[in-house]
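Data block below; observations after.
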Amino acid sequence: MVEQRVVEVAVQRMNGSAGSQGRDLLAVEEPLELRLGYGTAEERRSRSITVTMRTPGSDIELAAGFLFAEGLVHCPGDIEIIQHCGPPAGPLRLRNVLRVELQSAVEVNSTRLERNFLSTSSCGICGKASLKALSLLPHTRLPDGFVVSASSIHHLPEKLREAQTVFDRTGGLHAAALFDRDGRLHDLREDIGRHNAVDKLIGRQFLDGLVPLSDRLICVSGRAGYELVQKAIAAGIPILAAVGAPSSLAVDLARDANMTLLGFVRDSRFNIYSAQHRIHHGTGDRRKSPPCLEAV
């Protein structure tokens, strides 16, 4: 089934004091419930772990990226199956429930499942049921070695924008994209929620067995909050570039993890908030990235 990501609605357009009837395209926003199955073969458990508001499409990648960033799975083999369940519902007749079954050998810390039932499309970390749950997220210190030129960074927003197919039609979606050290686009995902776009992007790489992404940088179309930094660190991405501003907690986390965090990347300008050694201004040789992460 092809997911519907755009819907057309009737609008009244105003030009000064004159009005006219017209049509407009909107990005679809629909809830997605994630249900997790886990436990031994003799004692399986099923639990609804979150409902997030998302743009339909790449739901399986979203679920995989979410579980990976939360530290509930560590490799693609931990997942037995991810599939939609239940009948289509709502005015768009979409399947908005996703069931994830983990292998029986995967141990699940129930504290990590503590989230409020609803998280909005604009915020994922606010869905945490308690501050204690934050301390259980995976912590990693990223290795040095991946270096990118400032000139490559300057071109990222333009390349990101050019690749946003749904944004072109609606103007209403966030994007997250992976680039190499030379600024070549490798993958991109869009969603009405900025953290969903990152989950979809990282989830695809996780399912393909490509993490840690120590030779990639991630560029996001909005601001950089704590959760976006946390997700990128979990995937081993050494540089996060945001078109908007970072938060104070995002900067603190990036510094602790030795991540290079860039903000206000636009109009041939940007700020470096942490690990500035990965950004070079000349044309000299750049070191190669090490293959793995250093756990702390």
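Scanning for something assigned to a helix (DSSP H, G or I), among the hydrophobic types (A, V, I, L, M, F, W, C) and buried (at least 24 other Cβ atoms within 10 Å of the Cβ), does the range 212-227 turn up at least one residue?
no
Test of understanding: among ALA27, ALA10, which residue is surrounded by 12 or more Cβ atoms within 10 Å (Cβ to Cβ) and of a type in the set (A, V, I, L, M, F, W, C)?
ALA27
When the residues of the range 9-43 are narrowed to those that are assigned to a strand (DSSP E or B) and among the polar types (S, T, N, Q), which ends up farthest from VAL97 (Cα to Cα)?
ASN15
Listed residues PRO246, PRO238; which is over 18 Å from GLY145 (Cα atoms), buried (at least 24 other Cβ atoms within 10 Å of the Cβ) and over 14 Å from the mean Cα position of the chain (by Cα)?
When all the criteria are applied, what remains is PRO246.
Taking only the range 263-274 into account, find how many residues are touching a residue at least 60 places away in the same chain (Cβ under 8 Å) and closer than 16 Å to ASP144 by Cα.
0
Considering only the range 164-172, I want to know if a residue exists there that is buried (at least 21 other Cβ atoms within 10 Å of the Cβ), in contact (Cβ under 8 Å) with a residue 60 or more places away in the chain, at negative phi and of a type outside the set (Ser, Thr, Tyr).
Checking the range 164-172: not a single residue is buried (at least 21 other Cβ atoms within 10 Å of the Cβ), in contact (Cβ under 8 Å) with a residue 60 or more places away in the chain, at negative phi and of a type outside the set (Ser, Thr, Tyr).
With VAL229, VAL220 as the choices, which residue is at pLDDT 90 or above, out of contact with any Lys or Arg (no Cβ under 7 Å at 6 or more places or on another chain) and within 17 Å of LEU201 (Cβ to Cβ)?
VAL229
Out of all the residues in the range 205-236, which are in contact (Cβ under 8 Å) with a residue 60 or more places away in the chain and hydrophobic (A, V, I, L, M, F, W, C)?
Of everything in the range 205-236, those that are in contact (Cβ under 8 Å) with a residue 60 or more places away in the chain and hydrophobic (A, V, I, L, M, F, W, C) turn out to be PHE206, LEU207, VAL211, LEU217, CYS219, ILE233, ALA234, ALA235.
Report those helices (runs of 4 or more DSSP H) wholly inside the range 97-162 carrying at least 3 residues which are at pLDDT 55 or above and over 19 Å from ILE79 (Cβ atoms).
150-154, 156-162
Of everything in the range 57-67 that's crowded, with 23+ Cβ neighbours inside 10 Å and not aromatic (Phe, Trp, Tyr), which residue is nearest to ASN109 (Cα to Cα)?
LEU67
Against the conditions (1) out of contact with any Lys or Arg (no Cβ under 6 Å at 6 or more places or on another chain); (2) of a type outside the set (Ser, Thr, Tyr); (3) exposed (fewer than 15 other Cβ atoms within 10 Å of the Cβ), where does MET53 fall short? Just the number, please.
Unmet condition: (3).
Restricting attention to the range 74-89, and to residues there that are closer than 19 Å to ASN109 by Cβ and in contact with a strand residue (DSSP E or B) (Cβ under 9 Å, 6 or more places away or on another chain), which single residue is surrounded by the fewest Cβ atoms within 10 Å (Cβ to Cβ)?
GLU80
The values are calculated or read from the model by the stated rules, or taken from the named source; none is laboratory data. Note that this is a predicted model, so its numbers are computed, not measured. Cβ atoms come from the backbone with ideal geometry, glycine included; neighbour counts cover every protein chain shown.
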